[in-house]
Amino acid sequence: MTAETLFALDLQALRYRWPGASADTLVLDSLRLAPGDKVFLRGPSGCGKSTLLSLAAGVLLPQAGQARLLGQDWAGLRSGARDRWRADHLGYIFQQFNLLPYLSVLDNVRLPLRFSRRRATRSAASGADSAEILLERSGLPPGLWRQPAGALSVGQQQRVAAARALIGAPELVVADEPTSALDEDLRESFMALLLERCAAARSALLFVSHDLRLAARFDRIIDLPSLNRAATEPNNAAVPR
Amino acid sequence: MTALLGLAARSAWNRRFVLGLVLLSIALSTLLLLGIERLRQDVRQNFSQAVSGTDLIVGARTGQVELLLNSVFRIGSATRNIRYTSLEALAKHRAVAWVLPLSLGDSHRGMAVLGTSVDYFQHFRHGERQPLVLTQGRRFESLFETVIGAEVARALGYRVGQQVVLAHGDGAMETNDHADKPFTVVGILAPTGTPVDRTLHISLQAVEAIHLDWAAGAPLPGQAVSATAAAEADLRPRSVTAALIGLKSRAAVFAVQRDIAAFQDEPLMAILPGVALDALWELVGVGERGLQAMSALVAVVSLVALVAVIAAGLNERRRELAILRALGAGPRQLLMLLALEGGLVTALGVLLGVLACAGAVAALAPWVQSQFGIGLRLQAPGSAEWLWLAALLVGGFGASLVPGWRAYQLSLADGLSPRI
């Protein structure tokens, strides 16, 4: 074990420029999340949040620097291994929840298990991370579990999306503005579920949002524009994404 | 791969209406391809089974295909007859084992009438050298007796003992009936799947008898000859349409063919049935290939429609691709997902087409048999059909790689945030 493996996510001296762009989108010295860390990441639209999340998830590779998940540098893995590593260790919640409308609620929650044997095994072994338990804890009535996901209300979809990201207890959960379309009640119940499950599984949480009212629940608040040197570097007219 | 296949099936089911239409068009293409191939093979099978064990077919000089079609398949008419005495002379050739005269031209309710000798029932072979078998009755012995093929009996509902009236020529005009000399059905042959099934067999003497009061294809006015009077007339055959010849040894076939070509009394030709069949296939092969090309083109159009439908829906599915990427699906897996979806639709379309073809053969076989004398067989696909099916499946999967490749590129460009 090296010291690097202590961090769920470790971004160091990162530099990324979109293909065809004339300037760097993201220049970041250091960002680390230890297991169980809850980090609130804020910043205006276009400051490079989506790029940062794609780099954290290993979907994009930086031109310079290192992006590590559980000590494993994404760039050190071949394409297929990168996809497997992401499937095994990362849960992702989209802004629009992005459930597959043609799958049932249960199948949507179980979807990550199709791509990760490790999470499937962990989910089956622990019981607490099974799709049914997660849905029950999220307050979704069992009568809806076999319904197509497209038939659910926004609040119900959000809870399913959270259960999908949390199933199999991934070491890192990335949430990309998941509460932006929710009213106050739904936002509260969603946050309670997300934080409770992350704490139970000791999953690190990287939570991106504009809503500063939520920030107090997190260990750290990071302002991305102050972290991203792309805009301030000389001779670099930043084109964030 | 199993995870992807399940997802591909669910995703396809979600867009079942549009994909169902594409599936239907692939099924119809498959039906067309297999149907034409089945028909082609069964026609060839029927033709090649129509005569076997015959070494040479002799007739007046014409094209070898014309002589084959006329003498064996009752298609078209002979340019002219040959003298019966010529056949008697050929029968004395030291290499000839038997000669079966064929006298064609008359008909009965759309079925051919064949005047021949009683030896026909002994020497004629079809299929794999199978002899003719009587299921009811006996061979003709008396003058106005006929042995009918299985399809004649089935289609016209004839039994042994039934009286039938033959018509001169194709029987288009009622005045051309030989109504004054009815024939009695004395035997019914077992089905052969050849033109024999649609033929009424009578003796050569009977052919002479019904034409005693005819000349140049029309009844002679005021010269009616009754059946009783005809039976007492000189009924020695004067001419026939053609003859089938069996040799004592096949090794002599070319020598006998040359001797017949050099026959002194009248111009004759002898053809080898197998060689003439090859010439026939060469002739119809152009049409067959044209039909196949058209069917293949229809199949290609169906596959293009498949690609168009999947590609058109791709933009709406970019979120789906992003979800799958976040869950651990690689770009290559997304390529496979779309290719599998196309492959699945193709496979189901092909399966539906195969079943439809089997259903069509089962439903239409009796009608095709009665209308055209061609026996369609319900059987598992042969090597040529498997080739077509494999080409369709590979083509469908291959074509689906086009939208798959587009999905691959989109997923690389979009990452986790589709720019829709």
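Take each residue of peptide A:94-103, count the partner chain Cβ atoms within 10 Å of its Cβ, and average: the result is 5.
Listed by chain and number, the lysines placed with their C-alpha closer than 23 angstrom to that of B:Lys92 are B:Lys248; residues fewer than eight positions away on the same chain are left out. A straight Cα-to-Cα reach below 17 Å connects A:Lys49 with the aspartates and glutamates A:Asp10, A:Asp24, A:Asp29, A:Asp176, A:Glu177, A:Asp211, A:Asp223, B:Asp414, residues fewer than 8 places away in its own chain not being considered. Peptides B:241-247, B:8-14, A:26-32 ranked from most to least packed by the mean count of surrounding Cβ atoms within 10 Å: B:241-247, A:26-32, B:8-14. The gain in end-to-end length when the B:Gln379 to B:Glu128 segment is fully stretched comes to 88.5 nm, 0.36 nm per residue minus the alpha carbon separation.
To the nearest 0.05, what FRET efficiency results for B:Arg236 and B:Ala9 with a Förster distance of 60 Å applied to their C-beta separation? List each step's numbers first, then the result.
On the way: r = 77 Å, r/R0 = 1.29.
Taking R0 as 60 Å, the efficiency between B:Arg236 and B:Ala9 is 0.20.
As a calculated quantity, the FRET efficiency between A:Val154 and A:Asp223 at R0 = 41 Å, using C-beta atoms, amounts to about 0.90. The DSSP beta bridges internal to the protein assembly as shown are antiparallel in roughly 65% of cases. In terms of the mean number of neighbouring beta-carbon atoms within 10 Å, the peptides B:142-150, B:129-137 order highest first as B:142-150, B:129-137. Please list, in order, the residues from the stretch A:145-173 whose amide nitrogen is less than 14 Å from a point placed 7 Å along the Cα→Cβ vector of A:Arg202. Residues A:169-172 qualify, since their backbone N sits under 14 Å from the label point. Computed from the C-beta positions of B:Arg61 and B:Trp367, the FRET efficiency with R₀ = 45 Å rounds to 0.75. Here the stretch B:51-279 is treated as a sphere whose radius is the Kirkwood value from Cα pairs; by Stokes-Einstein at 10 °C and 1.306 mPa s it diffuses with a coefficient of 88 µm²/s. Please report the spacing between the Cα centers of the stretch A:66-139 and the stretch B:115-130 in Å, no decimals. Here the answer is 77 Å between Cα centres. Here is how the number arises for chain B: DSSP H runs of 4 or more residues each give -39500 (n - 2.57), the sum is divided by the residue count, and the result at 222 nm is -17500 deg cm²/dmol.
Any idea what % of Cα-Cα pairs in chain A are farther than 24 Å?
Value for chain A (Cα pairs over 24 Å): 45 percent.
A short reminder: the numbers here are calculations on the coordinates, not readings from a lab. Note that the structure is a prediction, hence the values are computed from the model and not measured. Positions of Cβ are backbone-derived with ideal geometry, glycine not excepted, and every protein chain shown enters the neighbour counts.
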